[in-house]
Amino acid sequence: MKAFVYLGPGKKALEERPKPDITASTDAIVKITKTTICGTDLHILKGGVPSCQPGRILGHEGVGIIEKVGPAVTTFKPGDRVLISCISACGKCVYCRKLMYSHCTTGGWILGNSIDGCQAEFVRIPYAETSLYRVPDGSDEEALVMLSDILPTGFECGVLNGKVQPGSTVAIVGSGPIGLAALLTAQFYSPSAIIMIDLDDNRLKVAKRFGATAVVNSSDGKAVETVLKMTGGYGVDTAIEAVGIPATFELCEKIVAPGATIANIGVHGTKVALHLERLWDRNITITTRLVDTVSTPMLLNILRSHKIDPKVLITHRFKLSHILDAYETFGHAADTRALKVIIEG
Ligand SMILES: NC(=O)c1ccc[n+]([C@@H]2O[C@H](COP(=O)([O-])OP(=O)(O)OC[C@H]3O[C@@H](n4cnc5c(N)ncnc54)[C@H](O)[C@@H]3O)[C@@H](O)[C@H]2O)c1
Ligand SMILES: [Zn+2]
Ligand SMILES: [Zn+2]
């Protein structure tokens, strides 16, 4: 089969690989019909994710058709259409029982990381019964791909952790796919303001179209002043960090009102200053989370009822045989205006 393989920092290729087979009784083999590329895949390609070693097939998002199941899998059968979660969950360990699937002791984020992933014709999914979801009849497969990772991430790590409330004020720093997913799902709660902050005017324009009540380009260094002005001098009730660098977390620390929550989504590679000298008396909550994908069944219901259309995040489409072009397009998002690219199996 064809598969996109990480070959070490800066090296990648579309290779011919053997088709995966069942190795545990709880596995399923899925024929990929649609997959996509995540910002995390770009981190891996730069050598920034040590758990992902050269030779690995990348990809942790997608939909497909069950080809084969192990003897312990009873809820799925060959031919079933399924959504793949970016998090594999055994369903039984101490963390799975606490609904913290991302910390599953033998699963978590392993797909396209420590085991071969979805950017291929076929993928082996461990713990199939608790890591796959049946595709609802008549649903749009491209929209569903957004439920493997980015929608649960924006919703669980940003909106739920950030305690977005009816009438509350929200700022989302970072208007990439994850920040935009937080923007789409924050609207379930009807906050009175959602201010999107980014350096890229195109992404801010997209944010406005997706429901942001205001946008701020922070490249002039005046974002703090602007947000305070927009909120009557108070600051926001929820600040969602969706970039993953010190500057944007520190911006969140400066724009929160007393009683607010800073919900961090970004993956941070360096230490960030915590300004307790300013925050100690402000009743602030800071949350962190790796997406658990516990909200996937709820998001599937929302999708089925057309309350949101995550398809709006898709900007480009490629065949698997042209996945190198897809990476080129996704990797130069500022020029190509790419958000999510769909790769068809
Ligand atoms: N916690 C989790 O479970 C989880 C899951 C998936 C992704 N992530 C992380 O979420 C973050 C966002 O992911 P993404 O795919 O949307 O990334 P992205 O790189 O596509 O988007 C980041 C956005 O931030 C903007 N930006 C960069 N520097 C900025 C600055 N100084 N001020 C304001 N905006 C700035 C960029 O213009 C871009 O639009 C990443 O760190 C990613 O690793 C976390
Ligand atoms: Zn991802
Ligand atoms: Zn587990």
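The values are calculated or read from the model by the stated rules, or taken from the named source; none is laboratory data. Everything numeric in this text was worked out from a predicted model, so none of it was measured. Virtual Cβ from ideal backbone geometry, glycine too; neighbours counted across all protein chains shown. Just so you know, the surface numbers come from the protein's heavy atoms only, side chains and all, with ligands and any DNA or RNA stripped out. Shrake-Rupley method; radii C 1.70, N 1.55, O 1.52, S 1.80 Å.
In this structure, is D292 of a type in the set (D, E), in contact with a Pro (Cβ under 9 Å, 6 or more places away or on another chain) and within 30 Å of L132 (Cβ to Cβ)?
Numbers: of a type in the set (D, E): yes; in contact with a Pro (Cβ under 9 Å, 6 or more places away or on another chain): yes; within 30 Å of L132 (Cβ to Cβ): yes.
It is true that D292 is of a type in the set (D, E), in contact with a Pro (Cβ under 9 Å, 6 or more places away or on another chain) and within 30 Å of L132 (Cβ to Cβ).
Does at least one position in segment 300-309 carry a residue that is buried (at least 16 other Cβ atoms within 10 Å of the Cβ), over 25 Å from A193 (Cβ atoms) and under 17 Å from the mean Cα position of the chain (by Cα)? Yes, some residue in segment 300-309 is buried (at least 16 other Cβ atoms within 10 Å of the Cβ), over 25 Å from A193 (Cβ atoms) and under 17 Å from the mean Cα position of the chain (by Cα). R17 meets the conditions (1) open to solvent by 50 Å² or more (accessible area, probe 1.4 Å); (2) within 16 Å of ligand 3 (Cβ to nearest atom) in every case but one. The failed one is (2). Filtered by the rule that a residue be buried (at least 24 other Cβ atoms within 10 Å of the Cβ) and either without any contact (Cβ under 8 Å) to a residue 40 or more places away in the chain or among the charged types (D, E, K, R) (or both), segment 163-174 gives no residues. Say whether the condition of being assigned to a strand (DSSP E or B), away from ligand 1 (no atom under 16 Å from the Cβ) and open to solvent by 50 Å² or more (accessible area, probe 1.4 Å) is met by at least one residue in segment 59-79. Yes, that holds for at least one residue. Of the residues making up segment 201-220, those that are out of contact with any strand residue (DSSP E or B) (no Cβ under 8 Å at 6 or more places or on another chain) and not basic (K, R) are N202, V206, F210, S219, D220.
Could you say whether any residue in segment 253-264 is among the aliphatic types (A, V, I, L, M), within 30 Å of G64 (Cβ to Cβ) and within 20 Å of the chain's Cα centre (by Cα)? Break it down into steps so the answer makes sense when it comes.
First, pick out the residues of segment 253-264 that are among the aliphatic types (A, V, I, L, M): 255-257, 260, 262-263.
Filter once more, so that each one left must be within 30 Å of G64 (Cβ to Cβ): none.
No.
Of all residues in segment 315-327, those satisfying the criterion of being closer than 23 Å to F122 by Cα and open to solvent by 20 Å² or more (accessible area, probe 1.4 Å) are H316, R317, F318, K319, S321, H322, L324, D325. Going through segment 80-130 one residue at a time, which ones are surrounded by fewer than 18 Cβ atoms within 10 Å (Cβ to Cβ), near ligand 3 (Cβ under 10 Å from one of its atoms) and in a loop (DSSP other than H, G, I, E, B)? Across segment 80-130, the qualifying residues are G91, K92, C93, K98, T105, T106.
Residues that are more than 16 Å from ligand 1 (Cβ to nearest atom), touching a residue at least 12 places away in the same chain (Cβ under 8 Å) and closer than 19 Å to E344 by Cα are absent from segment 36-56. I110 falls short on exactly one of the conditions (1) in contact (Cβ under 8 Å) with a residue 40 or more places away in the chain; (2) more than 12 Å from ligand 2 (Cβ to nearest atom); (3) within 17 Å of the chain's Cα centre (by Cα), and that condition is (1).
Out of P177, P136, P152, one residue alone is within 16 Å of ligand 2 (Cβ to nearest atom), touching a Leu at 6+ places or on another chain (Cβ under 8 Å), open to solvent by 10 Å² or more (accessible area, probe 1.4 Å) and not charged (D, E, K, R). It is P177.
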